[in-house]
1. For residue A:195, work out the one condition from (1) away from chain B (no Cβ under 14 Å); (2) within 14 Å of residue A:111 (Cα to Cα) it doesn't fulfil.
2. When you look at residue B:237, is it among the β-branched types (Val, Ile, Thr), within 30 Å of residue B:280 (Cβ to Cβ) and away from chain A (no Cβ under 14 Å), yes or no?
3. If I filter segment A:136-148 down to residues being in a helix (DSSP H, G or I) and in contact with a helix residue (DSSP H, G or I) (Cβ under 6 Å, 6 or more places away or on another chain), which single residue comes out as surrounded by the most Cβ atoms within 10 Å (Cβ to Cβ)?
4. Which one of A:364, A:358, A:409, A:338 is part of a helix (DSSP H, G or I), in the same structural domain as residue A:482 (by TED's automatic domain parsing), more than 19 Å from residue A:489 (Cα to Cα) and touching a His at 6+ places or on another chain (Cβ under 8 Å)?
5. Can you go through B:81, B:106 and tell me which one is in the same structural domain as residue B:173 (by TED's automatic domain parsing) and small (Gly, Ala, Ser)?
6. Having 1 or more residues that are closer than 25 Å to residue A:179 by Cα, touching a residue at least 40 places away in the same chain (Cβ under 8 Å) and of a type in the set (Lys, Arg) is the bar; report the helices (runs of 4 or more DSSP H) wholly within segment A:210-267 that clear it.
7. Please go through segment A:1-20 and give me each residue that is surrounded by fewer than 16 Cβ atoms within 10 Å (Cβ to Cβ) and either free of Cβ contacts under 8 Å to residues at least 12 places away in the same chain or of a type in the set (Ser, Thr, Tyr) (or both), ordered by number.
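The values are calculated or read from the model by the stated rules, or taken from the named source; none is laboratory data. Just so we're clear, the structure is a prediction, and the values are computed from it rather than from any experiment. Reconstructed Cβ throughout: ideal geometry from the backbone, glycine too, with neighbour counts over all protein chains shown.
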Amino acid sequence: MTVPPLLDIDNLVISYDDHGRRRAVVHGVTFAIKAGEVVAVVGESGSGKTTTAQSIIGLLPENGRIDGGAIRLNGTDISGWPQRRFDGLRGVGISLVPQDPGVSLNPVRTIGSQVGEILKIHAARGTPRRAIHSRVIELLDRVGLNHPEMRAGQYPHELSGGMKQRVLIAIAIALRPQLIIADEPTSALDVTVQKRILDLIDDLRAEYGTAVLLVTHDLGIAAERADRVVIVKDGRIEEQGPAAELLAHPRSDYAIQLLSNVPSLARSTPRQTITPIDGTVGGQDAVVVEGLTHVFAGRHLAGPRSPVIDSLSFRIPTGTTHALVGESGSGKTTTIRAIVGLLKPTGGRVLVDGHDVATLRGEALRRFRRTIQLVYQNPFSSLDPRQSIGRMIEEPLLNFEPVAREERARRAETILERVHLPRTILDRRPRALSGGQRQRVAIARALILDPRILILDEAVSALDVTAQAQILALLDELQRDLDLTYLFVSHDLAVVRQISDTVSVLRHGVLMESGPTETIFTHPTSDYTRDLIDAIPGRRPASPISSNRYPTPQILQEASFS
Amino acid sequence: MTRYLIERIGQAVIVLWAAFTVTFILLHVLPGDAILIKFQNPDLGLGPQQIAEIRASYGVDRPLWLQYGHAIGSFLSGDFGYSIQAGVPVSESIRANLPPTLWLTGLGSLLAAVIAMIIAFAASLSPFAWLRALVRSAPALFVSIPTFWLGIALIQIFSFRLRLLPVIGAEGWRGLILPVTTLAIPISAPLAQILVRAIDDVATRPFVAVARAKGATHAWVLWRHVFRNALPPALTVAGVLFGELLGGALITETVFGLNGIGRLTQDAVNNQDAAVLQAVAVLSAVGFVVVNLGVDLLHPLLDPRLARKERVLS
């Protein structure tokens, strides 16, 4: 006698209406979730993982349609249910923890009313307001929000990202559903917050016995949190199995490739240092930051502000990579702006190639701008959608000495070759390119002026792991060929470890520690750095909670990711 | 908050002064004058000498800058001068004509808001795709209907064909139905367009999916989550539409033969009665400034994020 699994997805096919033509995005996906189990669906963008999750809760976009297969919840096929019927299931049987807490709460309604809403929708008629309110407070308290009474009266913008995600989790668990769909629940959060949120989901799951469908692009998270992992690519399952077994012995080519691309899971191969780090003389430093301090002037009569950067000092030897690590609000962006001369710091100075950036004027400033270029985080919004790739790459040249049209085209082609893009994309628009290709265009655009220094502001954070690994390899190659100096700004320590020679760890504008990368990783001196390193997902196998509650295969004990 | 209010009132004063000055200059630059129109009639048998005396009595023979100073002084003390044509103080004509116009414009904007909301909700709640598309095309049709034509068409249909309402001279609410509808329909169109677009935009935000995932129905989510977030852009447009409302009121009053500021303005234009026009222009500017100040003060109530600055300070 077999009990049917809680959720049984059977040969599911989903397509979207794309200007009158149907384009299939999920091709026959089959997997199951048992009661109380955590199953991670791992894939890159466009793999159909989110579409699959949306179909389970009946929230496919309007142009999406289930063409075949079944979604069985406790043995009942819900794939053909009308919306009206789904309304009774959503929130009660299946709930959702969304991707980006910053935009997932209604900005004009209080936290309390948004948590209370799910209770109100499903409550029996005449349930007293007081009962709902006290349950709201209880829930807010349970998900670890301090001062729950006060929080209930606040609006979403008054809470941090991590706190908002806790509120959304409180909503998801309010009616103790059998299944929670967590769609990239932490990808918009800082690493230390990410770890606390995942811990919270783990705890609640153990307490309530709720099953979790964890949709993620991060194999590290899947390795650490899931009982079973399903790897999807282009709408098809590449491989699935118990987390530890799959990660220790992946069979499909794609899973093997994916594993080798995840920085936090890859066996750490320390980067080959280009130049000796210690004992560098001042003259060899491409960038020197000395006692940089910045205080934003308050617009109104608010009292004295605390500085966003407080006497920050570091130096980057020419031809090396320095990483600036910190969570949101740590002053990374302000530091970059001071280095490129877009912001005049209130104190301290920045020397680039020996020149004080703040004193540059006129022609000297123009020449300085050529030597230092920026590559931004989001390759989707930093390229003008209306311009052709060729035009965008050439554009910086127009700002300097006159270059003939043929010469500009020639240089653009040379640069394209450098970043390994085909010449054919010169006439295309950004829309036609993948994320990784767009970031190559952004790098090409930065390189066309022959800069000495590149500032990479979270330049790989928005990319899938595969594209990320390729861009990191490209950056490494360019640095060796062109003798470039990089300032790599990131919140992702695993990536930092791969690419940088030296690291500065920043918190609330204060330098926590600074030094050669391997030293920082192997012997961190500040507690904060230790927290950051501990928070890197994938450093340990699935949590003890799940291994205790379910029979542990031998393989689980063998797997290790240290 | 107080600081913001003082800033805004300061801006309002500047706007009013500018409106006053521009109108004053325009009215003097235009050829023709009210005194000639009224007293040059040969039947009155007035000679140039006497007309010059009348001019002097109205103070229009003095240098322009003196007249300007005098006019500003009397406006500030609440004296809008004399209507040359009617021979009564302008303030008196305005007092008599303002209430019907306030009724017309007040009810007209209310009805416009209701129509816009009905269109916006129907555009997203209607059960069939073709019906939603049909509802969505309504604003484009409404906005292209001229007010005077709509007024005439409504009179044709409801008064002459169906004989439901009297054409002219109806008392009380019955007399207001057609004019208010005439005024409201073209005003409702841009409001509905903005609202439909804003609702479409808000509906794609993740918090709407979260609300659906709680088990809320489509209508519940639309009313409690989407609508309030879609309101601010519509409100801003509503403030700007006040100008359309005044223009529409002028035409409507003329078409339906109603008394009001619109009729007063039209008569004043025909007779080049500068004092009346000056007063009407300033009055419209006051209305515009007050309505838009109200709109700006409403925004923080609709969106708590805009009220944050003050809360942090206090």
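1. All conditions pass for residue A:195, except number (2).
2. Answer is yes for this residue.
3. If we take residues in segment A:136-148 being in a helix (DSSP H, G or I) and in contact with a helix residue (DSSP H, G or I) (Cβ under 6 Å, 6 or more places away or on another chain), then A:136 is surrounded by the most Cβ atoms within 10 Å (Cβ to Cβ).
4. Residue meeting the stated conditions: A:364.
5. Only one candidate qualifies: B:106.
6. Hits in segment A:210-267: A:219-225.
7. Hits for segment A:1-20 are A:1, A:2, A:3, A:19, A:20.
Yes/no per residue for (1) modelled with pLDDT of 85 or more; (2) surrounded by fewer than 19 Cβ atoms within 10 Å (Cβ to Cβ); (3) assigned by TED's automatic domain parsing to the domain that holds residue A:143:
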{"position": "A:238", "(1), (2), (3)": "yes, no, no"}
{"position": "A:245", "(1), (2), (3)": "yes, yes, no"}
{"position": "A:251", "(1), (2), (3)": "yes, yes, no"}
{"position": "A:260", "(1), (2), (3)": "no, yes, no"}
